1. Please arrange CYS40, CYS156, CYS18 by how many other C-beta atoms lie within 10 Å of their C-beta, fewest to most.
2. So what's the Cα pair-distance distribution over the stretch 8-77, bin width 10 Å, in %?
3. Show me the ranking of peptides 50-57, 202-209 by mean Cβ neighbours inside 10 Å, starting with the highest.
4. Based on the Cβ-Cβ distance from ILE3 to LYS25, what FRET efficiency comes out when R0 is 25 Å, to the nearest 0.05?
5. For ASP106, ASP210, which order do you get if you count the other beta carbons within 10 Å of each Cβ and list the fewest first?
6. May I ask for the net charge around GLN98, where only other residues with Cβ less than 15 Å from the Cβ of GLN98 are counted and Lys, Arg are +1 while Asp, Glu are -1?
7. Could you work out how much longer the chain between ARG65 and LYS191 gets when fully extended? Use 0.36 nm per residue separation minus the Cα distance between them, nm to one decimal.
8. Can you sort PHE200, PHE215 so the residue with the fewest Cβ neighbours within 10 Å comes first?
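The numbers here are math on the coordinates, done by the rules we state, and not lab data. Note that the structure is a prediction, hence the values are computed from the model and not measured. Neighbour counts run over all protein chains shown; Cβ positions are idealised from the backbone, glycine included.
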Amino acid sequence: MQILMPIKTAGERPPLFCINGEPLKMAKILNDDQPLYGLCNAYNPNFKPPARIEQLAEIYVREMRQVQPEGPYHICGFSVGGLIAYEMARQLVRKGQQVQYLALIDPVFSNHKWSRVKWMMNSFTVKGRRFDAIGYFAKRGVSAGGSRIHTFFRVCKSWAYELLGKDLPIDLRRVRHAGAIRASHHSYIYKAFAGKGIIFHPEMPEADSDSYIRFWNSVLTEGATVHTMKGIKLHLEFLAEPHLTRVTETINEDMGKLSNS
């Protein structure tokens, strides 16, 4: 299938499987003793994503078990990769396998949303917060608009590659594949996972953060450890420095504790 990338195969620690994100950059931050594998459908230019996240997770699990046939497993995932990692963990447990470590880096949501508009309206009723609300949404609007324009040009660039008969580079394949699985992750519903997990999420209004933590503690039946990443307000900032290093160092510390236990 060629959607698994061996990044570092040697080391005394248990292997870590990274779904999407930036595993090549993470490898430079993780301990030298940490084996690391990347899993992403964009690694294979001919891969056709299935219609459902559950089916995609099943493919990923199959690829992962070719490297590590039996648990305990250690998995992390970013964005839609976090959603896929969550479903992989559920499937592994149903197969009688142990998932010892599950780290979700700002995983996408479909069935649980927080109302930024409601927060803004509430802010307008409180003297002193009105300009904060206006500033927040102005920044979000500019950032979101710039991101969409950037994505649009990358999609156009990918079409140009195809018209010229050239293979798409991996960054453009990620854009196309993300679009292909968008409908599947919007229809995915988080169901209970008989285990625990680590969640990294950006700064958000206090009421939203409380709701976010309650949600994860409701689906992770053995408890959720939620890290609010100060200074991160936008999704893709998790992949930028210094935030990527901060997240990776936390994962590295967790993996070190597990390997020494």
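1. Ascending number of Cβ neighbours within 10 Å: CYS156, CYS40, CYS18.
2. Result, from short to long distances: 18, 51, 26, 4 percent.
3. 50-57, 202-209
4. Rounded to the nearest 0.05, the efficiency is 0.85.
5. ASP210, ASP106
6. Overall, the nearby charge balance is +3.
7. 43.1 nm
8. PHE215, PHE200
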